[in-house]
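I have placed the structure first, in the form of structure tokens, so that the comments after it can refer back to it.
The values are calculated or read from the model by the stated rules, or taken from the named source; none is laboratory data. These numbers come from a predicted model, not from an experiment. Note: ideal-geometry Cβ built from the backbone for every residue, glycine included; neighbour counts use all protein chains shown.
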Amino acid sequence: GGAGTIKKLTYVEDGETKYVLHKVELVDDANWENNYSIVGGVGLPDTVEKISFEAKLSAGPNGGSIAKLSVKYYTKGDAIPSEEEIKNGKAKGEGIFKALEGYCVANPDYN
């Protein structure tokens, strides 16, 4: 869906069914840009209103690609996310990125 769409992503972790709510903020196919926010579910600490992700792909040297990802935490009131929350969020994001990268490398002709 386009901007404003909320997607519920359900997954199983350690035998337990969990979910995350993603809100699509921007889909710009022409410029290879995709922005979304986590707005609910287990991916959102109690102190955080939302976590926004801005992803952009661009052409790299030698036919490759350059991926840029920016992550912003929007806290509730004056709350400050703990270092552990930030570390865990970063680790999950890197895991997803590595999985996508692996798929793209294994399937270079996928459109």
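Pick out the one residue from LYS76, LYS92, LYS87, LYS50 that is without any contact (Cβ under 8 Å) to a residue 12 or more places away in the chain and either under 28 Å from VAL12 (Cβ atoms) or charged (D, E, K, R) (or both).
Working: LYS76 fails: without any contact (Cβ under 8 Å) to a residue 12 or more places away in the chain; LYS92 fails: without any contact (Cβ under 8 Å) to a residue 12 or more places away in the chain; LYS50 fails: without any contact (Cβ under 8 Å) to a residue 12 or more places away in the chain.
Selected residue: LYS87, the only one of LYS76, LYS92, LYS87, LYS50 that is without any contact (Cβ under 8 Å) to a residue 12 or more places away in the chain and either under 28 Å from VAL12 (Cβ atoms) or charged (D, E, K, R) (or both).
The rows are residues; the columns are (1) touching a Leu at 6+ places or on another chain (Cβ under 9 Å); (2) part of a loop (DSSP other than H, G, I, E, B); (3) surrounded by 13 or more Cβ atoms within 10 Å (Cβ to Cβ); (4) not charged (D, E, K, R).
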residue	(1), (2), (3), (4)
GLY1	no, yes, no, yes
LYS8	yes, no, no, no
ASN34	yes, no, yes, yes
GLY89	no, no, yes, yes
GLY95	no, no, no, yes
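Does at least one position in the range 48-71 carry a residue that is hydroxyl-bearing (Ser, Thr, Tyr), part of a strand (DSSP E or B), more than 10 Å from the chain's Cα centre (by Cα) and surrounded by 13 or more Cβ atoms within 10 Å (Cβ to Cβ)?
Taking the range 48-71 first, the residues hydroxyl-bearing (Ser, Thr, Tyr) are 52, 58, 65, 70.
Checking which are part of a strand (DSSP E or B) leaves us with 52, 58, 65, 70.
Filter again for more than 10 Å from the chain's Cα centre (by Cα), leaving 58, 65.
Keeping just the survivors that are surrounded by 13 or more Cβ atoms within 10 Å (Cβ to Cβ) gives none.
No, the range 48-71 contains no residue that is hydroxyl-bearing (Ser, Thr, Tyr), part of a strand (DSSP E or B), more than 10 Å from the chain's Cα centre (by Cα) and surrounded by 13 or more Cβ atoms within 10 Å (Cβ to Cβ).
With respect to ALA79, determine if the residue is surrounded by 10 or more Cβ atoms within 10 Å (Cβ to Cβ) and part of a loop (DSSP other than H, G, I, E, B). Spell out the reasoning first.
Details: surrounded by 10 or more Cβ atoms within 10 Å (Cβ to Cβ): yes; part of a loop (DSSP other than H, G, I, E, B): yes.
So ALA79 passes the test.
Looking at the range 15-31, can you tell me whether even one residue there is exposed (fewer than 11 other Cβ atoms within 10 Å of the Cβ) and part of a strand (DSSP E or B)? Spell out how you get there, then give the answer.
Start the filter on the range 15-31 by keeping residues that are exposed (fewer than 11 other Cβ atoms within 10 Å of the Cβ), which leaves 15-17, 29-31.
Filter again for part of a strand (DSSP E or B), leaving 16-17.
Looking for residues that are exposed (fewer than 11 other Cβ atoms within 10 Å of the Cβ) and part of a strand (DSSP E or B), one finds at least one in the range 15-31, hence yes.
Might you check whether a residue that is touching a Lys or Arg at 6+ places or on another chain (Cβ under 9 Å), acidic (Asp, Glu) and closer than 19 Å to ILE86 by Cβ occurs anywhere in the range 22-35?
Looking through the range 22-35, none of the residues is touching a Lys or Arg at 6+ places or on another chain (Cβ under 9 Å), acidic (Asp, Glu) and closer than 19 Å to ILE86 by Cβ.
Conditions tested, residue by residue: (1) touching a strand residue (DSSP E or B) at 6+ places or on another chain (Cβ under 6 Å); (2) at pLDDT 90 or above.
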site: GLY15; (1), (2): no, yes
site: GLU25; (1), (2): yes, yes
site: VAL42; (1), (2): yes, no
site: ALA59; (1), (2): no, no
site: ASN62; (1), (2): no, no
site: ALA79; (1), (2): no, no
site: GLU84; (1), (2): no, no
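Just one of THR47, THR5 is at pLDDT 90 or above and either closer than 19 Å to GLY95 by Cβ or among the hydroxyl-bearing types (Ser, Thr, Tyr) (or both); which is it?
Values: THR47 fails: at pLDDT 90 or above.
Being at pLDDT 90 or above and either closer than 19 Å to GLY95 by Cβ or among the hydroxyl-bearing types (Ser, Thr, Tyr) (or both) holds for just one of THR47, THR5, which is THR5.
Restricting the search to the range 6-47, which residues are β-branched (Val, Ile, Thr) and under 20 Å from LEU69 (Cβ atoms)?
We begin by selecting, within the range 6-47, every residue β-branched (Val, Ile, Thr); these are 6, 10, 12, 17, 20, 24, 27, 38-39, 42, 47.
Result: VAL20, VAL24, VAL27, ILE38, VAL39.
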